[in-house]
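Novice: Encoded as structure tokens, here's the structure I'll be asking about.
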Amino acid sequence: MLVVMAVATDHRVASPMAGLAVRLTVGFDAMTAGLLTGASMNPARTFGPAVATGVWTGHWLYWAGPLLGAMLAVLTYGYLRKGEAHDYRAEPSSLRADPVHR
């Protein structure tokens, strides 16, 4: 959630980079947590197999974890983005200051 908020909702990030950042984050999650959790990042994805098999052991974690993580990501992003940043892309390139002296 933090990566999506930081790159997909920030007007300063170019959209191809946003997609790459989200893909890399999902891929990293699948490779690191895949063996432990099956890389189920979506509670609805976990709900179907639980209904089909009748196994509900620890199922609440698949709902509480993403919801808590999303809430913490929103708070963290809000804290990191305090204040307004200047969007240098809005200026014509001929008017930009030397990048070394920004």
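The values are calculated or read from the model by the stated rules, or taken from the named source; none is laboratory data. Note that the structure is predicted; figures quoted are calculated from it, not measured. Here the Cβ is made from the backbone with ideal geometry for all residues, glycine too, and neighbour counts use every protein chain on show.
Novice: Go through the range 36-66 and report how many residues are within 13 Å of the chain's Cα centre (by Cα) and either part of a helix (DSSP H, G or I) or closer than 17 Å to residue 9 by Cβ (or both).
Specialist: Matching residues across the range 36-66 total 1.
Novice: Now for a different question. Would the range 8-24 turn up any residue that is modelled with pLDDT of 85 or more, exposed (fewer than 12 other Cβ atoms within 10 Å of the Cβ) and either in a loop (DSSP other than H, G, I, E, B) or within 13 Å of the chain's Cα centre (by Cα) (or both)?
Specialist: Within the range 8-24, one or more residues are modelled with pLDDT of 85 or more, exposed (fewer than 12 other Cβ atoms within 10 Å of the Cβ) and either in a loop (DSSP other than H, G, I, E, B) or within 13 Å of the chain's Cα centre (by Cα) (or both).
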